[in-house]
Structures are given as C-alpha cells and as structure tokens.
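Input: a single structure, listed below in structure tokens.
Just so it is clear, none of the values below were taken in a lab; they were calculated from the coordinates. Bear in mind the structure is a predicted one, so any value in this text is a computation, not a measurement. FYI the Cβ positions are ideal-geometry reconstructions off the backbone, even for glycines, and counts take in every protein chain you see.
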Amino acid sequence: MKQALDYCFQLNPLLNKLYSTLIKYLKFLVGTRWDERYWAKRHLRKEEKGDWGGDPDWIKEYWDSRSHPYRNFLIQKLSGFSPIMNILEVGCNCGPNLYLLAKKFPNSEIKGIDINPLAVRRGNEWLIQDGISNVELLVSKIDELDQFQDKSFDIVFTSSVLMYIGPDKIKKVIRELVRITRKTLILSEWHSFEFSSLGSHMLYWVRDYVSLLKEFIKEEPINIIKMPVEIWQENSNWQKYGTIIEVIMEDGDVT
Ligand SMILES: C[S@@+](CC[C@H](N)C(=O)[O-])C[C@H]1O[C@@H](n2cnc3c(N)ncnc32)[C@H](O)[C@@H]1O
C-alpha cells in the first residue's frame, strides 16, 4: 500500500500535496495520539523504511547512526556542562546519544525514556553488550514525566522528539521538562521565530520554542544555536529549522 502511494506521488506531485494537506488536518483533529500510535507500534509495521538510510531495521539504524555529524555536534554541546551527576533524554529510541554521553561521563547516572518498547529493549541489550553500565532506558510516554521529582536531573534533553508533539500536549510537556531540570534543559528540535509557540505542521511540528519556554521560566537565559547546514546534507528541513535551544536554570553552570 505504502509503496503504491509513493509511486503515485512520484508520478503526480499534486496528489502528494493533497495527501500532505489531508494528513495535516487529520493530525489537527486527532492530536498527538496520531504520532504516539505510530511510534509505539512502528516495529510492527511491514515495509517500514529507516530514517537514516532506509534500512527496514530502523532501530538498528538509529544505533548505527552514532557516528553521524549531528550526534557529534549535539554531544559536544551537552558536554559543555559539568559537573554532571545525572542526565535524562526524553524520546531516546535505543539510546545512540546516551551511549556517546556514557563514554564521556562514565560516572554519571544516565536515563532515557521512549514510547517504543522494542527500541528500549534492544537499546538496553546493546548498551550492556558494549560494556556500558551507567545507562538505563525505560518505556514511557513524554507526557508521563510526573514519575520524576522536581529538579531531578542536572541535564534534561530532547533530540528530534517535540516535533511529534502537537498543540494539544506541548505546553504540558514543556512545563514538565522545566520542572524536572536542575541545571540545563536542551531541546534539539525544529525551531523558527516565524511560527507561533504552539507550532505549525510542516510534515512535523515547527514552533517558536523561545516564546513557548518563556511561559514557564522566570528570567533564566535562553541560548539559540543554529545547526551548521553541513551536518544535515541529506535533510533540507533540518538545514532550515534544526536548532539547539538551551535554557540555563538558576542552578546551571556553563563551563
Ligand atoms: C526521530 S526519533 C529520535 C530518537 C533520538 N532522540 C535520536 O536523537 O536519535 C523520535 C523518538 O521519539 C520517540 N517518541 C515519539 N513520540 C513519543 C512520545 N509521545 N513519548 C515518548 N517518546 C516518543 C520515538 O519512539 C522515537 O524513538
């Protein structure tokens, strides 16, 4: 079915546009549940293509993307903060970012949560096989952060996850991310000042994260770091919108 649709879209770009518009309105109606369902059950879908090169074993592709220049850029940014006692990645998949962080911070307690149970299970296995013992991945939805106490983690970060959270849930999620962060909150997402804080649907959600964050913080500084275009040669949306948004909390300490 998916292959037939892709073939039709190649033949007729207008059909592709109509289909995208239909999906956009359906996502408005259904809300975040649409993407939650997709990600939670993605491993059960047949004819699935991966996000990093097209391999049907898309979870393995995430694991094998650890040497992608994007990861290097993100990890460098995250490593600029110390000392770090503990770190949480929300929407970690099988943990490629957390593997790299564990190598940098072998004494920190590192956690990841993700909605996809198979990504979490395989990630935990691969981490152990590679001798990493300070990372734990858990199955959880992004809007279940009430399991963590206020200021539980020195660093909390997201990487390409809030783009799947619609206007129905994004405020609750940002409020919770701010609440559980002690030092630094980092969002590596599709950001643009041209859009509202709730976002606009450009295949996935692009929004003004600075306005959104300001609803939940007092006067904590926010830094905006545009990603260099060369790290995303294969993805024009990341080139256009890819941004790291850093909030330095009261207890934060940039080195
Ligand atoms: C594009 S991947 C990014 C994975 C990883 N952060 C990275 O940098 O490679 C998006 C991840 O977010 C997870 N995800 C999507 N919606 C979620 C939700 N509502 N709650 C928790 N995880 C979610 C997916 O299962 C997937 O692993």
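Against the main long axis of the alpha-carbon atoms of the chain, helix 69-79 sits at an angle near 30°. For K49, the aspartates and glutamates whose Cα falls under 19 Å of its own Cα, not counting residues fewer than eight places away in the same chain, are D6, D35, E36, D57, E61, D64, E234. Cα centroids of segment 199-255 and segment 59-98: 16 Å apart. Each 5 Å bin from zero holds the following percent of Cα-Cα pairs in segment 8-68: 4, 15, 15, 16, 23, 18, 8, 1. Straightening the chain between F28 and N72 buys 12.4 nm, computed as 0.36 nm per residue apart minus the Cα-Cα spacing. A crude spin-label estimate for the pair K172 and D150, with each label 7 Å from Cα along the Cβ direction, gives 2.1 nm. Between 0 and 90 degrees, the angle of helix 117-129 with respect to the longest Cα principal axis of the chain falls at about 50 degrees.
Which of the residue pairs K171/K214; K46/K240; K41/K141 have a Cα-Cα distance greater than 21 Å in the structure shown? Before the final figure, lay out each step's value.
Numbers: K171/K214 11 Å; K46/K240 31 Å; K41/K141 13 Å.
Result: K46/K240 exceed 21 Å.
Relative to the longest principal axis of the Cα atoms of the chain, the long axis of helix 13-30 makes an angle of roughly 50 degrees.
Just want to confirm a number: the relative contact order over the chain, from Cα pairs under 8 angstrom separated by 6+ residues, in percent. List each step's numbers first, then the result.
Values: 435 pairs, mean separation 39.8, N = 255.
It comes to 16 percent, rounded to a whole number.
Going by Cα centres, segment 10-29 and segment 114-161 are how many Å apart? The two parts, judged by their Cα centres, are 33 Å apart.
Restricting things to alpha carbons, find the Rg to Rh ratio for the chain using the Kirkwood radius for Rh. Numbers along the way, then the final one.
Working: Rg = 18.1 Å, Rh = 18.9 Å.
Radius of gyration over Kirkwood radius for the chain works out to 0.95.
Taking 20 °C and 1.002 mPa s as the conditions, I'd like the Stokes-Einstein D for segment 78-218 in µm²/s, using the Kirkwood hydrodynamic radius from alpha carbon pairs. Here the translational diffusion coefficient equals 139 µm²/s.
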